[in-house]
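**Q** The structure's right below; bear with me while I get my questions together.
The values are calculated or read from the model by the stated rules, or taken from the named source; none is laboratory data. The structure displayed is predicted, hence computed values, not measured ones. Positions of Cβ are generated from backbone atoms using ideal geometry, with glycine treated the same way; all protein chains shown enter the neighbour counts. Ligands, DNA and RNA are stripped out before the accessible areas are found, and what is left, the full protein with its side chains, is counted by its heavy atoms. Shrake-Rupley method; radii C 1.70, N 1.55, O 1.52, S 1.80 Å.
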Amino acid sequence: HIVSGDISGCSPCQTRGIFVSGAPVAAERTIIGANLIEGGASSATSLGIEVNSGGTADIDGNEIVGGPGGWTRCISLTGTAGEVSITNNDLHAGSCNGNNTTFAIFAGQGIAPVIDRNRINADPAKLGTCPGFTGSWWTGGIESEGSQAVITNNIVFGVPSPRSTAILLADCEGSCQL
């Protein structure tokens with residue numbers, strides 16, 4: 001059981017359950033499997049898993065519950081992440097504070113993760129909410145901001161929120177959310 005810390009009173013506050021950063025020394029990817037991962041509470045960013053700066057990972061067979069925060073994601077893949085596969089997981093987006101957003105998966109511009117056979121926001125008892133959301137962005141299941149993600153064979157639901165989508169595909173040729 002992996003739980004990131006609860007944090008507050010800082011700016012920007014960021015909490016992560018697992019952080020994969022930097023290119024691997026060997027050809028193998030980091031394997032993250034068969035875990036229960038919970039994001040902590042944050043006044044800003046709460047992440048179950050983040051992969052960036054050339055980090056690579058096979059994320060397979062986990063249950064990831066997003067924490068409450070301003071920008072909360074079960075899995076965040078920035079545009080600098082290496083090869084990543086997200087397979088056969090149960091992902092539950094966290095609750096967003098005020099006018100902020102939550103998604104189960106964020107995939108940034110310039111990466112091509114494989115997202116296959118996951119159950120995303122499928123259990124209402126474990127899913128966060130964003131009832132006070134009034135912003136111009138979205139909340140939901142998968143957020144792809146200019147990524148070349150391969151999304152196949154998933155069950156994906158949005159988040160209880162005034163602006164919810166199961167899958168957001170933004171081309172980001174102009175400005176993205178981030």
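**Q** Considering only the range 66-81, state which residues are open to solvent by less than 30 Å² (accessible area, probe 1.4 Å) and either touching a helix residue (DSSP H, G or I) at 6+ places or on another chain (Cβ under 8 Å) or not charged (D, E, K, R) (or both).
**A** Of everything in the range 66-81, those that are open to solvent by less than 30 Å² (accessible area, probe 1.4 Å) and either touching a helix residue (DSSP H, G or I) at 6+ places or on another chain (Cβ under 8 Å) or not charged (D, E, K, R) (or both) turn out to be 66, 67, 69, 70, 72, 74, 75, 76, 77, 81.
**Q** Please specify each residue of the range 51-71 satisfying the condition of being assigned to a strand (DSSP E or B), modelled with pLDDT of 95 or more and in contact with a Cys (Cβ under 9 Å, 6 or more places away or on another chain).
**A** 64, 65
**Q** Are any residues in the range 23-50 open to solvent by 30 Å² or more (accessible area, probe 1.4 Å) and assigned to a loop (DSSP other than H, G, I, E, B), and if so, which ones?
**A** 23, 24, 25, 26, 27, 28, 29, 34, 35, 41, 43
**Q** Return yes when residue 98 is in a strand (DSSP E or B), of a type outside the set (Asp, Glu) and at positive phi and no when it is not.
**A** On the way: in a strand (DSSP E or B): yes; of a type outside the set (Asp, Glu): yes; at positive phi: yes.
Yes; evaluated as a whole, the condition is true for this residue.
**Q** Next question, about the same structure. Is there a residue in the range 55-78 that is of a type in the set (S, T, N, Q), touching a Leu at 6+ places or on another chain (Cβ under 7 Å) and within 20 Å of residue 126 (Cα to Cα)? Give the steps one after another, and end with the answer.
**A** Here is the first cut: in the range 55-78, the ones of a type in the set (S, T, N, Q) are 56, 62, 72, 76, 78.
So of that shortlist, the ones also touching a Leu at 6+ places or on another chain (Cβ under 7 Å) come out as 76.
Next, only the ones that are within 20 Å of residue 126 (Cα to Cα) stay: 76.
Yes - at least one qualifying residue is present in the range 55-78.
**Q** Quickly run through the range 86-113 and pick out the residues that are free of Cβ contacts under 8 Å to residues at least 40 places away in the same chain and surrounded by fewer than 24 Cβ atoms within 10 Å (Cβ to Cβ).
**A** 87, 88, 90, 95, 98, 99, 100, 110, 111, 112
**Q** Inside the range 114-155, can you point out the residues that are surrounded by fewer than 18 Cβ atoms within 10 Å (Cβ to Cβ) and either aromatic (Phe, Trp, Tyr) or touching a helix residue (DSSP H, G or I) at 6+ places or on another chain (Cβ under 8 Å) (or both)?
**A** 137
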